[in-house]
């Protein structure tokens with residue numbers, strides 16, 4: 001081939017050798033998942049090595065482990081599309097959804113998959129997240145005024161405000177990563193956590209809602225325990241700006257109601273009533 | 001002083017054995033870099049600013065050099081100990097004879113100490129609570145900002161207003177830096193540029209503040225009933241998204257502005273007139 005034109009049928013020995021090497025490498029490529037296996041009695045990390053498949057997410061590999069190596073591996077999952085919030089776990093120590101974490105985006109070497117640390121273990125990768133459901137019962141429900149003759153009417157600008165918060169898929173990764181309860185179990189008694197601060201912010205910003213939950217948020221939901229380190233925002237798979245758009249606005253509303261002397265004076269002069277935590281909580285389902 | 005006036009709440013299920021290895025963290029990335037950079041940068045700023053405050057000289061470039069440049073650390077210079085020319089229109093603290101910078105540093109320092117971004121930075125970096133996400137908290141007991149002294153973080157909005165006052169003063173300083181006393185007239189030197197950029201960054205940092213966003217309109221329940229406040233909120237919200245970057249940029253530039261004025265005042269460099 002001295003004239004520089006390529007012969008489509010010609011493959012040099014070097015290219016052939018490279019192609020063979022690549023094919024062999026692809027054949028030999030493996031992925032190792034280091035999965036925590038155990039229950040409340042104890043457990044350990046167990047390595048599972050399988051052939052690597054292109055484009056897989058961690059949940060795919062977990063399913064292949066279930067299908068081939070460990071049929072008794074417990075794992076919670078549902079939609080495999082990042083919308084049900086079931087497959088929350090910790091991948092290489094970082095809270096995330098297994099179905100949204102691509103294997104080829106993780107560093108070389110074994111991938112550690114462990115259950116969410118903040119909640120009690122049931123088995124393997126499955127945790128008991130009922131703490132969150134208990135907290136949910138303590139959040140006072142939407143309390144609108146009676147509907148007018150035309151029903152309820154809202155301006156688009158008011159509708160849009162709460163849409164971000166409604167994206168929450170309740171994966172509880174924000175609750176898992178929040179060090180207030182992750183590292184201090186005793187705080188679970190009086191701390192709602194980021195997921196419920198989103199809910200409370202949504203209600204407090206709702207134009208039709210009549211409840212005033214600020215004292216409740218301060219006294220019983222523990223907004224003061226949050227030190228705004230923004231980990232909840234970092235792990236949210238829906239990219240909700242939890243800290244900037246929900247927690248800090250809630251904190252500022254609590255400042256209005258409890259720590260701002262000018263606001264206090266204004267309430268006294270105008271005779272405005274601040275609803276107590278008990279009054280606000282009366283609308284809670286539990 | 002506690003947040004929990006009434007700690008009797010509906011009990012939630014707590015306890016139970018947690019799964020996973022009992023290790024401070026399983027993270028494999030370099031999670032320690034971020035808090036280390038924060039600690040290094042903030043410590044460097046504190047050390048430099050402490051030196052700049054207590055050195056009490058070379059903070060003003062006056063008529064002798066045909067300039068009117070004052071370090072942001074020393075403005076407004078309202079003490080009897082201020083060098084001639086640097087003094088503001090009134091000597092408020094005539095009884096103050098040590099470094100005048102100590103009088104003015106309280107406001108900006110309080111604003112930054114109670115700032116939501118800096119809180120995140122120093123809680124992670126210095127207080128290790130937590131050092132980074134999914135890394136164990138460095139403390140066995142934790143009460144957050146629910147008790148004294150950290151409950152005082154709630155006065156951030158008042159420091160915001162104090163910060164605005166300083167922004168006005170430093171903007172006046174930047175305008176005054178267009179004066180070329182002695183040589184006559186108006187001019188624009190590198191020093192003028194430095195003080196102008198400093199003032200702009202400080203305004204952007206202040207206006208991106210979370211308290212500002214709440215006070216201007218975020219605190220209302222119904223945007224449609226407050227169209228002007230909603231419009232202001234819509235302007236400040238994108239700025240608020242860059243609060244961290246503006247916090248760092250304004251912090252570092254304040255130190256740079258002080259250093260620039262100091263180098264000119266001490267004769268190490270001359271302040272070039274650009275036009």
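In Å and from the alpha-carbon atoms only, list the Rg and Dmax of the range A:78-169.
19.3, 65
Would you kindly calculate the translational diffusion coefficient of chain B, applying Stokes-Einstein with the Kirkwood radius from alpha carbon pairs, for 25 °C and a viscosity of 0.890 mPa s, and quote it in µm² s⁻¹ without decimals?
Values: Rh = 21.5 Å.
D, rounded to a whole number, is 114 µm²/s.
Would you mind checking the tilt of helix B:33-55 against the longest principal axis of the Cα atoms of chain B, expressed as 0 to 90 degrees and rounded to 10?
Roughly 40 degrees between the two axes.
Round to the nearest 0.05 the FRET efficiency obtained for residue A:14 and residue A:67 when R0 = 51 Å and r is the Cβ-Cβ distance. Intermediate results must be reported in sequence, preceding the final value.
Details: r = 40 Å, r/R0 = 0.78.
So the FRET efficiency works out to roughly 0.80.
So how do A:218, A:153, B:157, B:231 line up by other beta-carbon neighbours within 10 Å, fewest first? The partial results should precede the final answer.
Values: A:218 24, A:153 10, B:157 21, B:231 13.
Lowest to highest Cβ neighbour count: A:153, B:231, B:157, A:218.
According to the square roots a ≥ b ≥ c of the eigenvalues of the Cα gyration tensor, what is the shape class of the protein assembly as shown, taking rounded for a/c under 1.5, prolate for a/b larger than b/c otherwise, and oblate for the remainder? Walk me through the intermediate numbers first.
Numbers: a/c = 2.14, a/b = 1.33, b/c = 1.61.
Oblate.
Determine the principal axes of the Cα atoms in the range A:58-213, then give the extent along each, sorted from largest to smallest and rounded to whole angstroms.
That gives 63, 35, 27 Å along the principal axes, largest extent first.
Considering all projection directions equally, how large on average is the shadow of the alpha-carbon convex hull of the range A:13-127, in square nanometres? Mind showing how you got there, number by number?
Numbers: hull surface 31.4 nm².
Quarter of the Cα hull surface area: 7.9 nm².
What is the gain in length, in nm to one decimal, between residue A:269 and residue A:46 on full extension, counting 0.36 nm per residue of separation less the C-alpha to C-alpha distance?
Working: separation 223, 0.36 × 223 = 80.28 nm, distance 6.63 nm.
Answer, rounded to one decimal: 73.7 nm.
Averaged over its residues, how many other protein chain Cβ atoms are within 10 Å of peptide A:113-124's Cβ atoms?
On the way: counts 2, 5, 3, 3, 10, 2, 3, 7, 5, 3, 1, 1.
Neighbouring Cβ atoms belonging to other protein chains average 4 per residue here.
Springs between alpha-carbon atoms under 10 Å, Gaussian network over chain B: tell me which of B:16, B:125, B:218 tops the mean-square fluctuations.
B:16
How far apart, in nm, are two points set 7 Å out from the Cα along the Cα-to-Cβ line at residue B:80 and at residue B:224?
Computed distance between label sites residue B:80 and residue B:224 equals 6.3 nm.
In bins 5 Å wide, starting from 0, what share of all Cα pairs of the range A:130-281 does each bin hold, as a percent?
Percent of pairs per bin, in order: 2, 9, 17, 21, 20, 15, 9, 5, 2, 0, 0.
Please find, in a Gaussian network model of chain B (springs between Cα atoms separated by less than 10 Å), the residue of B:59, B:117, B:48 whose mean-square fluctuation is greatest.
Most flexible of the set in this elastic network: B:48.
Which percent of Cα-Cα pairs in the range B:210-275 sits in each 5 Å bin, short to long?
Using 5 Å bins, I get a P(r) of 4, 15, 16, 12, 10, 9, 9, 10, 8, 5, 3, 1 for the range B:210-275.
From Cα coordinates alone, what are the radius of gyration and Dmax values for chain A in angstrom?
According to the Cα coordinates of chain A, Rg and Dmax are 25.9, 96 Å.
Please give, to one decimal in nm, the separation of the simple spin-label points placed at residue A:166 and residue A:208, each 7 Å out from Cα toward the Cβ.
Each label point lies 7 Å from its Cα, and together they span 1.1 nm.
Rounding to the nearest 10 and keeping the result within 0 to 90°, find how far the Cα-based axis of helix A:58-68 lies from the longest principal axis of chain A.
60
At 222 nm, what helix-only mean residue ellipticity would chain A give, in deg cm²/dmol to the nearest 500, using -39500 (n - 2.57) for each DSSP H run of four or more? If you can, show how the numbers build up before the last one.
Values: 12 runs with 94 residues, N = 286.
Value at 222 nm, helices only, nearest 500: -8500 deg cm²/dmol.
Using only alpha carbons, build the gyration tensor for the range B:27-96 and give me the equivalent ellipsoid semi-axes, biggest first, whole Å. Present the calculation step by step, with values, prior to reporting the outcome.
Details: eigenvalues 282, 38, 17 Å².
Each semi-axis is √(5λ); the values are 38, 14, 9 Å.
Which residue fluctuates the most in chain A, going by a Gaussian network model with Cα springs under 10 Å, if the choices are A:109, A:85, A:162?
Ranking A:109, A:85, A:162 by mean-square fluctuation puts A:109 first.
What does the convex hull of the alpha-carbon atoms of the range B:99-233 project to on average, in nm²? Intermediate results must be reported in sequence, preceding the final value.
On the way: hull surface 51.8 nm².
The number I arrive at for the range B:99-233 is 13.0 nm².
Just checking the output field for B:21-30: average partner chain Cβ neighbours within 10 Å of each residue's Cβ? Please report the intermediate quantities before stating the final value.
On the way: counts 10, 1, 3, 2, 4, 12, 5, 9, 4, 0.
Whole-number average of other-chain Cβ neighbours for B:21-30 is 5.
Each value in this text was obtained by applying a stated rule to the coordinates, not by laboratory testing. Owing to the predicted nature of the structure, the values given are computational and were not obtained by experimental measurement. Here the Cβ is made from the backbone with ideal geometry for all residues, glycine too, and neighbour counts use every protein chain on show.
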